[in-house]
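These notes concern the structure reproduced below.
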Amino acid sequence: MDCFHKNTNIKEINTLLTAMIEKYYSQDNCTKISKNLNEKEMSEKYFSETPPEKGENFGKILSNFEENILADSVKTWHPKFLNQMSAGAPFPAIIGDLLASMLNPTLATWEVAPVATVIERNVSEWMASIIGMPKGSSGIFVPGGSFANLLALTIARNEKYGLNKIQSGKWYKNEVVICSDASHYSIKNAVDLLGIGSNNLHKIQTNSRNEMNAEEFLKAVEFYKKEKIEVIAVIATLGGTVTGGIDPLKEIGKICRNENIHFHVDAAFGGGMAFTDIARQTLQGIEMANSITWDAHKWLHIPLTCTALLVPDIQILKKNFNSQADYLFHKQNSDTEKSDDLGQYTILCGKKFDSLKLWLLWKTYGTDFFRKSANNRLKVTKEFFHYLQEDPELEPCYEPRTPLQCFRFIVPKKKKNDIDYKNKLHRFVRKDVISKRNSFFNITKLKGIECFRLVLINPLTELIHLREIAEEIKQSARKFIAEN
């Protein structure tokens, strides 16, 4: 192993790394969220035309990381970082990421990753149980929600037509996939990759919270049934990307079950609702799902990526993705599926030990912590919604069901019908406010009109932070109006 220790001193590295992490986590919340470096400055500082010819001391490189790369990067673990559906990561999960890399197993085979295989099986069963799937449900960890959605639709297609037809390449006729007009863009990518084609993606209209209209969905199913057009799958969203909305899972699930249609729930964001006190009524119908996507790197704050694709019977994964690679996969002495090769349950071969990050955090904090954290996020979201309702200059776009709030600045009456003016105002304000580097939030279009979008899952974020951001927004908006 000496060749791997070149230019490194393990004790020195350990001291530097420990001090850096401790300093990073104990930073004052009043610090700027990022530096105001432009693209040109970043490129000049970090882009090199050629790789280094000779190496240098790793401790020096690590110090450079702290002084420059860390200092110049966006602080995602900041109470006013509300831009993404992920925010920082707690210490045990980061250590889990480090230890997984240190072990460096490939979870394709039991032989190389026996402990990792059992832990992944175990954690996926925990997740399936918590979210409300039938007893015995399980799953597999994959690199991201988009990948999980692709695999879910692959299963739906294969189950609809049978593997023989799929393998012959002569399966396609005139099929459709149904989702809402607010579904994640990965659904479009998935149907194109699978040869279904995004022109055959039927998007059901949504309400003001971007939730699928159940009546319109039923009409679509009845229309395709009458026209003898196969519906390969229906994708319901639990926690929409733009608004955090929740599709009517119970109504969709019943129809899918009656019509023998694959029912997939994209709970990449909204899976965290499973830990809340209102989980039972909010998730009603999810027990009928044939597959579920859940990103632990969102509400559960695991370092990216940490996604589970959950199914009622894990053997459906093996049926669709097993390979005859006898140089890799070997039958174990035991007949228990717990010792089966996970590479037979996914299209991945190089498979990371992502479940360790979640396992370590879950073991350290316990389910009770996740419950308290999830309920607190809903509490803060509700407080912010009421604050927006009472503010004469701001208006919420909807009453949120998950920790994601969109809202707008109320323009002067003479401009209330000028959509272009409204859009310009909101774009200007967002750019102006985040340029000060005190906060980081996003902007989006909801029903064609720009609005501010704040993802409220960051456990450090409290109402006081949101009020401060709102004040900055109002000041900037007034400035725009005065000049326009």
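The values are calculated or read from the model by the stated rules, or taken from the named source; none is laboratory data. This is a predicted model, so every value here is computed, not measured. Positions of Cβ are backbone-derived with ideal geometry, glycine not excepted, and every protein chain shown enters the neighbour counts. Remember, those area values only see protein heavy atoms, side chains included, never the ligands or the DNA or RNA. Shrake-Rupley method; radii C 1.70, N 1.55, O 1.52, S 1.80 Å.
So here's what we get for this one:
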quantity	calculated
Centroid-to-centroid separation of the stretch 296-356 and the stretch 200-274 [C-alpha atoms, Å]	27 Å
Helical contribution to [θ] at 222 nm, DSSP H n ≥ 4, -39,500 (n - 2.57), averaged over the chain, rounded to 500	-13000 deg cm²/dmol
Reach of Lys331 by Cα under 12 Å, taken over aspartates and glutamates that are not fewer than 8 positions away in the same chain	Glu111, Asp340, Asp341
Listed residue pairs exceeding 20 Å between alpha carbons, taken from Lys11/Lys60; Lys11/Lys363; Lys424/Lys474; Lys415/Lys479	Lys11/Lys363
The stretch 55-163 - convex hull of the alpha-carbon atoms, volume per residue in Å³	213 Å³
Charged-residue dipole, Cβ positions (Lys, Arg, Asp, Glu), the stretch 85-188 about Cα centre, Debye nearest 20	500 debye
Semi-axis lengths, Å, the stretch 293-392, gyration tensor of Cα atoms, sqrt of 5 times eigenvalues	40, 15, 12
Debye intensity ratio I(q)/I(0), log10, the chain, q values 0.08 Å⁻¹ (C-alpha model)	-0.56
Accessible surface, the chain, averaged per residue in Å² (probe 1.4 Å)	49 Å²
Along the chain, longest interval not containing exposed GluC sites (Glu not before Pro), exposed being DSSP loop plus at most 11 other Cβ atoms within 10 Å	228-484
Pairs beyond 31 Å (Cα-Cα), from Lys219/Lys372; Lys228/Lys445; Lys188/Lys416; Lys135/Lys319	Lys219/Lys372; Lys228/Lys445; Lys188/Lys416
Longest DSSP-loop-exposure-free segment, trypsin sites (Lys or Arg not before Pro), the chain, at most 15 other Cβ within 10 Å	229-330
Centroid-to-centroid separation of the stretch 370-394 and the stretch 136-188 [C-alpha atoms, Å]	36 Å
Flagged links, alpha-carbon separation over 31 Å, of Lys32/Lys298; Lys32/Lys351; Lys203/Lys298	Lys32/Lys351
Surface share of carbon and sulfur [accessible, 1.4 angstrom probe, percent] for the chain	52 percent
The chain, dipole about Cα centre (Lys/Arg Cβ +1, Asp/Glu Cβ -1), debye to the nearest 20	1100 debye
Antiparallel DSSP beta bridges within the chain, as percent of all bridges there, nearest 5	60 percent
Radius 9 Å from Cβ of Glu230, net charge of other residues (Lys, Arg +1; Asp, Glu -1)	+2
